[in-house]
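First up is the structure itself, then whatever we jot down about it.
The values are calculated or read from the model by the stated rules, or taken from the named source; none is laboratory data. Keep in mind the model is a prediction, meaning the values are calculated, not measured. Virtual Cβ from ideal backbone geometry, glycine too; neighbours counted across all protein chains shown. All accessible areas refer to the heavy atoms of the entire protein, side chains included, with ligands and DNA or RNA removed. Shrake-Rupley method; radii C 1.70, N 1.55, O 1.52, S 1.80 Å.
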Amino acid sequence: MFSGIQPSGDLHLGNYLGAIKNWVDAQHDNDNIFCIVDLHAITLPQPPAELHRRIRDQAKIYVASGLDPKTTAIFVQSHVKEHAELAWLFNCVTPLGWANRMTQFKEKSAEVKGQSSVGLLAYPMLMAADILLYQTDGVPVGDDQRQHIELTRDIAQTFNHHYGEVFKVPEAWIRKEGARIMSLQDGAKKMSKSDPPGCVFLLDEPEVIATKVKRAVTDSGRDVRFDVERPGLLNLLTIYQLLSGSTRDQVEGHFEWQGYGAIKRELAELVV
């Protein structure tokens, strides 16, 4: 199992529930490699001193969250030069059209209005190198990364077609629940560091976390149930389910006769 997170911002609850918690839960089921992908981070401008601090803080959070360095490989991507070397080989076998169609590239390049780097375009080939370098069986990712894993598979198959069976073709391991944690202020948008009111950072103080949860947007309904048509409430219930270890039925039963205020109070305590 291989996965990694960029040190481009402070880690938040979405990173934890969508990735790190899953790594911890499964760390004794696989041979594990969990990376701090700093080469990916610099596809967008990063203040050097800030990036250095975040790399070290992220390593601390990996361990503090329960990853055992005795049984799990934890390292900084740029410290292993073969990631960049293999990425260059993949740049040379990947059609430009494949890179141009990546949704994440379109979104991020639109944000900087034509000033995006070549590195941002080549991001998926570097991600493919990260994964294929270790003959990875599975990559635990959020649903938003599914397209990148499919490209990784295409690159592996193309390379193998031309040069022999060099790389194992990996699978995307995507959770059915909690693969994408949404903003507390907009249930239609993924939780992001660029939206501080809707984002619970892992190192937020308890009172800050409680305030953010209690100000979370829900809806005008009364009944408590997991409903995709009510994204704000669905997000809160999903976070509660994942942190409590309950089933959906148990969560709905627990809050059946309680209002949204009670949900937020209990959820704030659970998140803290």
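State whether one or more residues within the range 200-208 are more than 21 Å from the chain's Cα centre (by Cα) and part of a loop (DSSP other than H, G, I, E, B). For the range 200-208, residues more than 21 Å from the chain's Cα centre (by Cα) and part of a loop (DSSP other than H, G, I, E, B): present.
Here Asp25 does not qualify as touching a residue at least 60 places away in the same chain (Cβ under 8 Å), closer than 23 Å to Val272 by Cβ and surrounded by fewer than 20 Cβ atoms within 10 Å (Cβ to Cβ). Could you check, for the range 156-169, whether at least one of its residues is modelled with pLDDT of 90 or more, closer than 22 Å to Ile5 by Cβ and open to solvent by less than 10 Å² (accessible area, probe 1.4 Å)? Checking the range 156-169: not a single residue is modelled with pLDDT of 90 or more, closer than 22 Å to Ile5 by Cβ and open to solvent by less than 10 Å² (accessible area, probe 1.4 Å). Quick check on Ala172: is it surrounded by 14 or more Cβ atoms within 10 Å (Cβ to Cβ) and in a strand (DSSP E or B)? The answer is yes for Ala172. Which one is least open to solvent (accessible area, probe 1.4 Å), of the residues in the range 2-22 that are touching a residue at least 60 places away in the same chain (Cβ under 8 Å) and touching an Asp or Glu at 6+ places or on another chain (Cβ under 7 Å)? Per the criteria, the residue is Phe2. Looking at the range 138-152, which of its residues are surrounded by 18 or more Cβ atoms within 10 Å (Cβ to Cβ) and either more than 17 Å from Asn15 (Cβ to Cβ) or not small (Gly, Ala, Ser) (or both)? Across the range 138-152, the qualifying residues are Val139, Pro140, Val141, Gln145, His148, Ile149, Leu151, Thr152. Here Gln135 fulfils each of the conditions (1) open to solvent by less than 30 Å² (accessible area, probe 1.4 Å); (2) on the phi > 0 side of the Ramachandran plot apart from (1). Looking across the range 187-198 at every residue that is more than 15 Å from Ala268 (Cβ to Cβ) and surrounded by 17 or more Cβ atoms within 10 Å (Cβ to Cβ), the one that is farthest from the chain's Cα centre (by Cα) is identified as Gly187.
The helices (runs of 4 or more DSSP H) located wholly in the range 1-68 include none with 1 or more residues which are in contact with a Ser or Thr (Cβ under 7 Å, 6 or more places away or on another chain), among the β-branched types (Val, Ile, Thr) and at positive phi. Going through (1) more than 20 Å from Thr136 (Cα to Cα); (2) at pLDDT below 95 one by one, Gly18 falls short only on (1).
Does Val228 fit the bill of being in contact with a Leu (Cβ under 9 Å, 6 or more places away or on another chain), loosely packed, with under 14 Cβ neighbours inside 10 Å and more than 22 Å from Asp25 (Cβ to Cβ)? Here the answer is yes, as Val228 does meet what is asked.
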